[in-house]
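Below: one structure, written as structure tokens.
The values are calculated or read from the model by the stated rules, or taken from the named source; none is laboratory data. Keep in mind the model is a prediction, meaning the values are calculated, not measured. FYI the Cβ positions are ideal-geometry reconstructions off the backbone, even for glycines, and counts take in every protein chain you see. Each accessible area value is taken on the protein alone, full model and side chains, heavy atoms only, with ligands, DNA and RNA left out. Shrake-Rupley method; radii C 1.70, N 1.55, O 1.52, S 1.80 Å.
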Amino acid sequence: MISKKMIEALNEQINKEMYSAYLYMAMSAHSTSTGLPGFANWFMVQYKEEMDHAMRIYNYINDHGEKVSLKAIEQPPSTFKDPMDMFQKTLKHEQFITKSINELINLAIKEKDHATQIALQWFVTEQIEEEGNDNDIIAKLELAGGKGNGLFMVDKDLATRIYTPPTAGG
Ligand code: OFO
């Protein structure tokens, strides 16, 4: 049995994950329009992963016989100063999402909701990976100086990222 308060908080998290997807889709579009196909690829993969995160919570709510309620998704920015700006904004956003996941777990602990605590553990691990990836790319961009041949090499590197759909239950 999951409390109404917990369901409401999980519904909010679906919205945050959908906004994440929307934000990274906007960054992908911006990358394409500025001649950076590798960055566009990386952000499009990230968009798909964020949609999977939203669906993971959506399915969790449904599996418990509760109702998902969808809210309006905020409009993301459509232009960015440069690739470093996009990744600094990405890292900042992921830190916000990590905080949000931690707050959900705090609520689940307070409510002695063990099922939701276990379900959220996956997100704790995922957030470590997400922030780590962003920090790595920021470091590469710093090394590359953010332009010219260095930027070209980072773009080539980000072009290799491949989307892996989630496996059942994993
Ligand atoms: Fe869903 O991990 Fe990013 O936001």
*asked:* So, in region 99-131, exactly how many residues are touching a His at 6+ places or on another chain (Cβ under 8 Å) and either within 11 Å of the ligand (Cβ to nearest atom) or charged (D, E, K, R) (or both)?
replied: 2
_Residue match in region 153-161 (condition: part of a loop (DSSP other than H, G, I, E, B) and open to solvent by 50 Å² or more (accessible area, probe 1.4 Å))_ = yes
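This table checks each residue for (1) surrounded by fewer than 20 Cβ atoms within 10 Å (Cβ to Cβ); (2) within 20 Å of LYS81 (Cβ to Cβ); (3) of a type in the set (A, V, I, L, M, F, W, C).
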site	(1), (2), (3)
MET27	no, yes, yes
SER33	yes, yes, no
ALA40	no, yes, yes
ASP63	yes, no, no
GLU66	yes, no, no
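Looking at the structure I just gave you, is ALA21 touching a residue at least 12 places away in the same chain (Cβ under 8 Å), more than 22 Å from ALA115 (Cβ to Cβ), open to solvent by less than 50 Å² (accessible area, probe 1.4 Å) and within 14 Å of the ligand (Cβ to nearest atom)? Break it down into steps so the answer makes sense when it comes.
On the way: touching a residue at least 12 places away in the same chain (Cβ under 8 Å): yes; more than 22 Å from ALA115 (Cβ to Cβ): yes; open to solvent by less than 50 Å² (accessible area, probe 1.4 Å): yes; within 14 Å of the ligand (Cβ to nearest atom): yes.
It is true that ALA21 is touching a residue at least 12 places away in the same chain (Cβ under 8 Å), more than 22 Å from ALA115 (Cβ to Cβ), open to solvent by less than 50 Å² (accessible area, probe 1.4 Å) and within 14 Å of the ligand (Cβ to nearest atom).
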*Odd one out for MET51, checked against (1) within 24 Å of ALA139 (Cα to Cα); (2) within 16 Å of the ligand (Cβ to nearest atom)*: (1)
_Being crowded, with 18+ Cβ neighbours inside 10 Å and at pLDDT 95 or above is the requirement here; does GLU8 meet it?_
no
_Options TYR58, TYR47: the member that is more than 30 Å from MET153 (Cβ to Cβ) and open to solvent by 30 Å² or more (accessible area, probe 1.4 Å)_ = TYR58
*Can you tell me how many residues in region 133-152 are within 18 Å of the chain's Cα centre (by Cα) and either open to solvent by 60 Å² or more (accessible area, probe 1.4 Å) or of a type in the set (Phe, Trp, Tyr) (or both)?*
2
*May I ask you to list the residues in region 76-124 that are within 17 Å of the chain's Cα centre (by Cα), farther than 22 Å from ILE57 by Cβ and not in a helix (DSSP H, G or I)?*
PRO77
*Scan (1) of a type in the set (Asp, Glu); (2) more than 24 Å from GLY150 (Cβ to Cβ); (3) in contact (Cβ under 8 Å) with a residue 24 or more places away in the chain for the single condition ASP82 breaks and write down its number.*
(2)
